[in-house]
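Enquirer: Below you will find the structure I want to go over with you.
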Amino acid sequence: MKKIIFSLFILAVTSSCVSIPPEITKVHLKELEIIESLKVSHLAMVDAYVDQKILVFESFFFNEYGLVYRTNWMASFKELNGRDYNQENDFPKLYNDLVAEYQEQILPIEKIRFDLKTSIILEYKNAIDLHRTTGNWIDSLKKLNDSQRKTIDTMLSSIKPGLSLDAIDDALENAKSKLKNKLENFN
């Protein structure tokens, strides 16, 4: 009798421990997919925003600044070379100087893009690491529950052979099925 009471006490204590529904694992995996998707979207938004701003800058640079730059460049060219600008021969030099000026002006904007993306990637890495830590904790709880389940099954089968948590689960599923059938008959 003491053995049965002690076994029931152990059963009550261990079965009241935390159990992990399978939905938790599925939701946890879905969360990781969402985090990864958000990271990709966030990085794409930064690229799209910076690209749009660069397009506006390029329009100003080549349509407004470029015209004034060309005029000043040609005047400077004549002073340095002692001759007028020749479109066929001297255009590559003008073009290279204008592109170099553009690259010099755009460099700080690209650095900001790089810094933003690096910060975003780091924050998402931290979020993913935290998420994985939580996943490891869930996995360890599942393993603990499996161990507890084996202990309880061993104890129950020592009290009455054939009695186990699986038998209890099966009985509950059968009861649910019967009730669902009754519900269908009511409708």
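Enquirer: Quick one: would you say Leu172 is within 29 Å of the chain's Cα centre (by Cα) and among the aliphatic types (A, V, I, L, M)?
Expert: When the stated conditions are applied, Leu172 does not pass them.
Enquirer: For the subset of the stretch 152-176 comprising residues that are surrounded by 10 or more Cβ atoms within 10 Å (Cβ to Cβ) and of a type in the set (Gly, Ala, Ser), which member is modelled with the lowest pLDDT?
Expert: In this case the residue turns out to be Ser164.
Enquirer: Closer than 26 Å to Thr25 by Cβ, modelled with pLDDT of 80 or more and either outside any helix (DSSP H, G or I) or charged (D, E, K, R) (or both) - does that describe any residue in the stretch 134-151?
Expert: There is at least one residue in the stretch 134-151 that is closer than 26 Å to Thr25 by Cβ, modelled with pLDDT of 80 or more and either outside any helix (DSSP H, G or I) or charged (D, E, K, R) (or both).
Enquirer: Condition check: of a type in the set (S, T, N, Q), closer than 30 Å to Glu31 by Cβ and exposed (fewer than 11 other Cβ atoms within 10 Å of the Cβ). Does Asn126 satisfy that?
Expert: Here the answer is yes, as Asn126 does meet what is asked.
Enquirer: Follow-up question, since we're still on this one. Within the stretch 77-101, can you find the residues that are of a type in the set (A, V, I, L, M, F, W, C) and out of contact with any helix residue (DSSP H, G or I) (no Cβ under 8 Å at 6 or more places or on another chain)?
Expert: Those that are of a type in the set (A, V, I, L, M, F, W, C) and out of contact with any helix residue (DSSP H, G or I) (no Cβ under 8 Å at 6 or more places or on another chain): Leu80, Phe91, Val99, Ala100.
Enquirer: Being polar (S, T, N, Q) and either farther than 20 Å from Leu94 by Cα or touching a Lys or Arg at 6+ places or on another chain (Cβ under 7 Å) (or both) narrows it down to one of Ser59, Ser37, so name that one.
Expert: Of Ser59, Ser37, the one residue that is polar (S, T, N, Q) and either farther than 20 Å from Leu94 by Cα or touching a Lys or Arg at 6+ places or on another chain (Cβ under 7 Å) (or both) is Ser37.
Enquirer: In addition: Have a look at Tyr85, Tyr95 and point out the one that is closer than 30 Å to Glu58 by Cβ, free of Cβ contacts under 8 Å to residues at least 60 places away in the same chain and surrounded by fewer than 12 Cβ atoms within 10 Å (Cβ to Cβ).
Expert: So the residue among Tyr85, Tyr95 that is closer than 30 Å to Glu58 by Cβ, free of Cβ contacts under 8 Å to residues at least 60 places away in the same chain and surrounded by fewer than 12 Cβ atoms within 10 Å (Cβ to Cβ) is Tyr95.
Enquirer: Please verify whether the stretch 156-163 includes one or more residues that are closer than 30 Å to Ser41 by Cβ and of a type outside the set (Asp, Glu).
Expert: Checked the stretch 156-163: no residue is closer than 30 Å to Ser41 by Cβ and of a type outside the set (Asp, Glu).
Enquirer: Of the residues that make up the stretch 153-160, is at least one part of a helix (DSSP H, G or I), in contact with a helix residue (DSSP H, G or I) (Cβ under 6 Å, 6 or more places away or on another chain), of a type in the set (D, E, K, R) and under 20 Å from Pro21 (Cβ atoms)?
Expert: Yes, the stretch 153-160 has at least one match.
Enquirer: Being of a type in the set (Ser, Thr, Tyr), in contact (Cβ under 8 Å) with a residue 12 or more places away in the chain and either surrounded by fewer than 13 Cβ atoms within 10 Å (Cβ to Cβ) or farther than 30 Å from Ala127 by Cβ (or both): is that true of Tyr102 here?
Expert: So Tyr102 passes the test.
Enquirer: From the list Glu101, Glu184, which one is charged (D, E, K, R) and within 30 Å of Thr71 (Cα to Cα)?
Expert: Glu101
The values are calculated or read from the model by the stated rules, or taken from the named source; none is laboratory data. Everything numeric in this text was worked out from a predicted model, so none of it was measured. All Cβ positions, even for glycine, are placed from backbone atoms using ideal geometry, and neighbour counts span all protein chains on display.
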